[in-house]
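Notes to accompany the following structure.
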Amino acid sequence: MQKVFWDNPYQDTLTTKVVSVDGTRILLEKTIAYSFAGGQESDKAFINNIPVLDSQIDGLFIYYILPEHHGLKKGDIVTMTIDWPRRYKLMRLHFAAELVLELVTQKFHLEKIGAHISETKSRIDFIYFENISSLFESILEEYNAIIKKDLLIQTGFSDIKNHRRFWKIEGFAQVPCGGTHVKSTSEVGFISLKRTHPGKSIERIEIRLVDGLATNS
């Protein structure tokens, strides 16, 4: 299966072929619809305007679950579309979380124990025994500097056979990641941070986008 969302995460329409049909479970030759992994929520997707109800990762393949009586059969040529505004928010909030996580890891060496990226906010959970909001000023100072520099976000395979991916910013970090990414840091944009405390010794950073994208002005 060719995962076009890695080749071109900005593509929102795709013509592809049905490889197999097992009841409501469909496998396509190519796909643009990301399936929940690494904390990033699945895309909202359609196949011939039929809504994808769910998706399942099985090895290197993504299977899509359609409503009963979808009418598709093996060999059909179909059009897949995704909810682009949702995808774009997920891409930006995903990388905002990646930057925050990398800054916290590099500067404060905290252990991440969970993460989730939705279209309204992303969050990262850490083991920490103090109020994590005390770190926000330092995190945001470096984060904003990276955004303003409009740095190129490179992506690629670290292991093609097993579909393992990475993102890289020259001189900053190279991190294993199979999510969808924007092209540059200015496109991610500025953020606000909020602290919550979901459990004993667990500190959570919630990340939201603020109005407007960063520019080089």
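The values are calculated or read from the model by the stated rules, or taken from the named source; none is laboratory data. In this text, all values refer to a predicted model and were calculated from it rather than measured experimentally. Here the Cβ positions follow ideal geometry from the backbone for every residue, glycine too, while neighbour counts run over all protein chains shown. In case anyone asks, the SASA skips ligands and DNA or RNA and just uses the protein heavy atoms, side chains included. Shrake-Rupley method; radii C 1.70, N 1.55, O 1.52, S 1.80 Å.
How far is helix 84-108 tilted off the main Cα axis of the chain, in degrees rounded to 10, range 0 to 90?
Rounded to the nearest ten degrees, it is 40.
Taking the chain as a Gaussian network, Cα atoms linked when under 10 Å apart, which of Val100, Val21, Val52 shows the biggest mean-square fluctuation?
Top of the fluctuation ranking is Val21.
Gaussian network model of the chain, Cα springs within a sub-10 Å range: biggest mean-square fluctuation belongs to which of Ile147, Ile57, Ile124?
Ile57
For region 42-91, build the convex hull from the C-alpha positions and give me its volume per residue in Å³.
For region 42-91, the hull spanned by Cα atoms encloses 97 Å³ per residue.
What would the Debye formula give as log10 I(q)/I(0) at q = 0.20, 0.26 Å⁻¹ for the alpha-carbon point model of region 67-115, no solvent?
-0.79, -0.99
Past 31 Å, Cα to Cα: identify those pairs from Lys30/Lys194; Lys3/Lys73; Lys17/Lys112; Lys112/Lys183, in the order given.
Violating the 31 Å limit, Cα to Cα: Lys30/Lys194; Lys17/Lys112.
Sorted from largest to smallest, which semi-axis lengths in Å does the alpha carbon gyration tensor of region 143-190 give for its equivalent ellipsoid, taking the root of 5 times each eigenvalue?
23, 10, 7
List the pair-distance distribution P(r) of the chain, using every Cα-Cα distance, as the percent of pairs falling in each 10 Å bin from 0 up to the bin containing the longest distance, rounded to whole percents.
8, 32, 31, 20, 8, 1
For the Cα atoms of the chain, what angle does the longest principal axis make with the long axis of helix 136-148, in degrees from 0 to 90, nearest 10?
60
At a Förster radius of 35 Å, what calculated FRET efficiency corresponds to the Cβ-Cβ distance of Phe61 and Trp84, to the nearest 0.05?
For Phe61 and Trp84, the calculated efficiency is 0.90.
Please provide three numbers in whole Å: the alpha-carbon extents of region 95-193 along the principal axes, with the largest listed first.
42, 29, 28
Once you have the Cα-Cα distance between Ile77 and Lys200, take 0.36 nm times their residue separation minus that, and quote the gain in nm to one decimal.
This chain segment gains 39.1 nm when fully extended.
When the Kirkwood hydrodynamic radius is evaluated over all pairs of different C-alpha atoms of region 1-127, what value in angstrom, to one decimal, is obtained?
It works out to 15.7 Å.
Could you state the accessible area per residue of region 1-96 in Å², with a 1.4 Å probe and every protein chain left in place?
Heavy-atom accessible area per residue stands at 47 Å².
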